[in-house]
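Quick notes on the structure that follows.
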Amino acid sequence: MHRIGIAGFGFMGRFHFSAHRKAGLGRVAAVFDVNPKAFEAAATAGNIGTAEADLAGVTLFGDYDKFLAAVDVVDICAPTPLHLDLVLRACAAGKHVLLEKPMALSVADCSAMISAAAGAGVTFMVAHCIRFWPGYDLLIDAARDGRFGRLLTAAFHRISGSAFWSPWFLSEDKSGGAVIDILVHDFDLCRLLGGMPETVDAAGSRDRLGAGTGVNYVHALLRTKAGGPVFAVHGGWVASGKFPFAMSYLAQFEEATLAYDGGREKPLVVYPAKGEPFTPELAAHDGYEGEVRYFMSVLGGVPSRCMPEESRDAVAIGLAARESVRTGAPVRTAV
Ligand SMILES: NC(=O)c1ccc[n+]([C@@H]2O[C@H](COP(=O)([O-])OP(=O)(O)OC[C@H]3O[C@@H](n4cnc5c(N)ncnc54)[C@H](O)[C@@H]3O)[C@@H](O)[C@H]2O)c1
C-alpha cells in the first residue's frame, strides 16, 4: 500500500488527511509541518467547516527531507508561496505529488513545477476539488458528452466571509488575494468547459480588507473563441458577519438549465427544455475525497481529469482578472 504524507497540517491538511482515510487507497503514514502546534488534536476551523484528525500511528516530521524519505506520495497543503519549493523537492526525491490550489502565484512557477514532475517521471496533479465535487462533476460530464446539447453560458459564484483562520491569506503577496485564492476554482472550471478564454474583463474592489490584501471581490467576464460559451465569475471575501460560505452556478445548455446551490439540501436541479425539473442523485462524498480517490487511482500515470497545464491556465486567468481590475480594461490571456 502506498505511504501517503501530508505536508502542511493546517485547515486543508486536515481535510486531506480525512479524505485519504475515507478513500482508503493508501496509508497516511506521515505528516510534516514546521509548527509543532499543528499536530495538536484541536479541530481546525476554516471557511467550509471544521476538520479534525486522529494522528495515532502517523509519524510526525518537522524536517521535510526526512519526511520525504518516509513516504511514496506527497500531498502538499502548505501556504501557497511554499508550493514551488515543496513540489520541486518532492519531485527531486521521486515522489508523486498532489498539490493544493492555487498551483502558484505566477505562470513561471507553475511551468517550473510541470517540468520538474515530467523530468522526474512522477504523477503530479493540482487538487482542484471542485472538478470532483458532486453536482459540479455532472456539469463537466454534461458539457463533455452533450446530453443537454451545447453549453452556451454559465455563471459561477463563490463567496466567503472575511474572517480568516490564518493571517497569510490577507497578504496579496502570499495568497494572491481572493481573486486568485478562491476564484481560481471557478476560473479552472471555465477553462475546462470552454478552453482558454480569449479575454478576461473584470471589475472589483481592492484592499477593502486592508492595505495589501489585494482584490477582495470581483465580477469577471470570460469570453472564449467566437461561438464558444461565455462565462461570468463572481465572488471573493466579501460577506459580513455570519454569512455562510456559499458556492453556486447557473449553466445554460441548448436543451436544459442546470442550477446548483451548495446551500440547498438537494443542491442541483436540472430544468430540461421539455419535461419536469428533476434533482439528480449526487454522490455522498465531497470533492476532497473525490480528488484524492482519483489521484491515487492514476499514480504512475497521467491525471487526464485534471492536468497541471490546465491548473497553470487557471492561475493565468486569475492573474488576468486581477490585472483587469487594476487597469479597468479587458486583458487578453496567453500562456
Ligand atoms: N481546496 C480548498 O477548498 C482550499 C481551502 C482552503 C485553503 N486551500 C489551499 O490550501 C493551502 C493551505 O491552506 P490552509 O487553509 O490549510 O492554510 P493554514 O494556514 O490553515 O495551514 C497551513 C499549514 O502549513 C504550515 N506551514 C507553514 N510553513 C510551512 C512549511 N515551510 N512547511 C510545511 N508546512 C508549513 C502551517 O504551520 C500550517 O499548519 C493553500 O494553498 C490554500 O490556498 C484550499
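The values are calculated or read from the model by the stated rules, or taken from the named source; none is laboratory data. Nothing here was measured: the structure is a model prediction, and the numbers come from that model. Here the Cβ is made from the backbone with ideal geometry for all residues, glycine too, and neighbour counts use every protein chain on show.
The table that follows gives values for the structure above.
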| quantity | calculated |
| --- | --- |
| Subset tally (residues that are touching a Lys or Arg at 6+ places or on another chain (Cβ under 8 Å), surrounded by fewer than 22 Cβ atoms within 10 Å (Cβ to Cβ) and under 19 Å from VAL302 (Cα atoms)) for segment 92-121 | 2 |
| Failed condition for PHE148, given (1) over 16 Å from VAL270 (Cβ atoms); (2) outside the structural domain of VAL97 (by TED's automatic domain parsing) | (1) |
| Answer residue from segment 285-319, given it is among the aliphatic types (A, V, I, L, M) and out of contact with any Pro (no Cβ under 8 Å at 6 or more places or on another chain) and is surrounded by the fewest Cβ atoms within 10 Å (Cβ to Cβ) among those | VAL302 |
| Residues within segment 89-134 that are among the charged types (D, E, K, R) and in contact with a strand residue (DSSP E or B) (Cβ under 8 Å, 6 or more places away or on another chain), tallied | 3 |
| Lone qualifier among ASP201, ASP141, ASP173 - being of a type in the set (D, E, K, R) and closer than 16 Å to VAL218 by Cα | ASP201 |
| Given (1) over 23 Å from GLY146 (Cα atoms); (2) surrounded by 15 or more Cβ atoms within 10 Å (Cβ to Cβ); (3) more than 23 Å from the chain's Cα centre (by Cα), index of the condition THR257 fails | (1) |
| Segment 155-212, residues that are hydroxyl-bearing (Ser, Thr, Tyr) and under 14 Å from ILE317 (Cα atoms) | THR199 |
| Identity of the residue in segment 149-167, within 14 Å of ASN216 (Cα to Cα), of a type outside the set (A, V, I, L, M) and at pLDDT below 90, that ends up nearest to the ligand (Cβ to nearest atom) | PHE164 |
| When residues of segment 1-20 are limited to those that are part of a loop (DSSP other than H, G, I, E, B) and over 13 Å from VAL34 (Cβ atoms), the one farthest from the ligand (Cβ to nearest atom) | MET1 |
